[in-house]
Amino acid sequence: MIGTLVLGLVIGTTQPALAAPEAGPGQWFIKDYGIDKMWKKSTGKGVKVAVIDSGVNSDHEDLEGVVSKAKDFSGLDKDGTTPIGGKSTIHHGTAVAGVIAGQGTGAGPMGVAPDADILSASMWLGPDRPKESGSTREQADKAIRWAVDSGAQVINMSLGWDDPAWPESWDEAFAYAYEKDVVIVACVGNASQGATQAWSPSTVPGVIGVGGLGENGKVLADSTAPGTAVDLMGPAADIPIPYYSGGYAEGQGCSFASPVVSGVAALIRADDPDLSADEVRAKLLSSAEPVSGHKGTSKKDKPDPIVGWGRLDPEAALKSDVPKSVPSAEEELADWVKMHRRGDADSTETETASPAEDESPKAVAPTDVAASESTPKLGFSVLAAGGLVAVVLLVISTVVFLRRRR
């Protein structure tokens, strides 16, 4: 089995006697983005990637042995490896973890960094939040701090609030992560869910905001949102994922472009442990390639508001030298706080500018859900999502569109 070969790898060296990982069925982006070439040098061994999401099913065959630590922040007394949420979100954390560190078992996907360790922080995503589950932004705050204290070197947040602003408590949480040398990656939101501009937390200074591209390399309009928070573009169409209840599926949306970037960050950190989080971010952004229709954007002094610095180029990022000028995420956030948090009165005004979570409209989840209990032998699970309307303070930054594989 491919997964068995992955577990035997020694990372950070090039030993031809050891078999490198192989892409799983349908993983077109592995070759298109040159990730298979990166695997000759690094598979992410020794790097911890925190997945702040709906919980990762560590019993899924494609994620066996992947989750090294987990904790729940939903207030539902779960364990971090029990997927939580409604029909439109419960699958999400398992899917995201599979993109990062899937083992390529059976019909399953091989993760971008298959030898990385996953830290699973579960929180409530989407509508119908239980009363016992506190503020979702408070959950995220606590999850970030736990991830940092648990040794995360990369944090992936494939989720978003349809508000570019964020509570003041996040200032300290993200600053804490930057101080502890953590790379944070977040999706920018999907236009298909009502995102007309990038959502928080991608808007927090220092966070790598990721939008979505199709297999043709062009902007996937439904799977991204514009804004100055967009930094990189990654694959967001037909991404093979493990389904939380068993079997496999395909995902659409920038929620799956984000973990590709997180996985690449893990590969770079494993290859050169001496690199700081700021240096990893600088290498990722400075090596980006132009996106079709946005020629030369990666070479400009200012990022394009649609595609940021451009298309993720994993191999170039791994091989490139650290740029002479490396921006500090910690300083960027501190400068923003100094400029925008002007005393207690203004801070209070900022926090109440958006409606309270309990008062805001909730997402309308897909109604045509047919969650299959298929096994890997039967192929991919089926979840057809139609007409998702997202007008919420917190909403998962993707919809999974699954098509029965023939």
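Cα-Cα pairs above 21 Å in segment 182-247: how many percent?
Numbers: 601 of 2145 pairs.
Summing the P(r) tail past 21 Å for segment 182-247 gives 28 percent.
Taking 0.36 nm per residue of separation and subtracting the Cα-Cα distance, what length does fully extending Trp336 through Asp274 add? It would help to have the intermediate numbers written out before the result.
Values: separation 62, 0.36 × 62 = 22.32 nm, distance 2.79 nm.
Extra length available between Trp336 and Asp274 comes to 19.5 nm.
Take the Cα pairs of segment 230-323, get the Kirkwood Rh, then feed it into Stokes-Einstein at 25 °C and 0.890 mPa s and tell me D in µm²/s. Don't skip to the answer; put the middle values down first.
Values: Rh = 14.1 Å.
Stokes-Einstein gives a translational diffusion coefficient of 174 µm²/s.
Calculate, in nm to one decimal, what Ser292 and Ser150 gain on full extension: separation in residues at 0.36 nm each, minus their alpha carbon distance. The partial results should precede the final answer.
Numbers: separation 142, 0.36 × 142 = 51.12 nm, distance 3.97 nm.
Full extension from Ser292 to Ser150 adds 47.1 nm.
If packing is taken as the average count of other Cβ atoms within 10 Å, what order do 261-274, 29-42, 326-339, 67-80 fall into, highest mean first? Walk me through the numbers before you get to the answer.
Values: 261-274: 24.8, 29-42: 19.9, 326-339: 15.6, 67-80: 18.1.
Highest to lowest by the protection proxy: 261-274, 29-42, 67-80, 326-339.
Quick one: order Trp166, Trp146 by neighbouring beta-carbon count within 10 Å, fewest to most. Present the calculation step by step, with values, prior to reporting the outcome.
On the way: Trp166 22, Trp146 19.
With the fewest neighbours first, Trp166, Trp146 line up as Trp146, Trp166.
Using the 10 angstrom Cβ neighbour count as an exposure proxy, how do Asp141, Asp162 rank, fewest first? Write out the running numbers ahead of the final one.
Numbers: Asp141 20, Asp162 24.
By the 10 Å Cβ count, ascending, the order reads Asp141, Asp162.
What percent of all Cα-Cα pairs in segment 237-285 falls in each 5 Å bin, counting up from 0?
5, 19, 22, 17, 13, 12, 10, 3
Quick note: the coordinates plus some simple rules give every number you see, no bench work behind them. Everything numeric in this text was worked out from a predicted model, so none of it was measured. Glycine also receives a Cβ, built like all others from the backbone with ideal geometry; neighbour counts cover every protein chain displayed.
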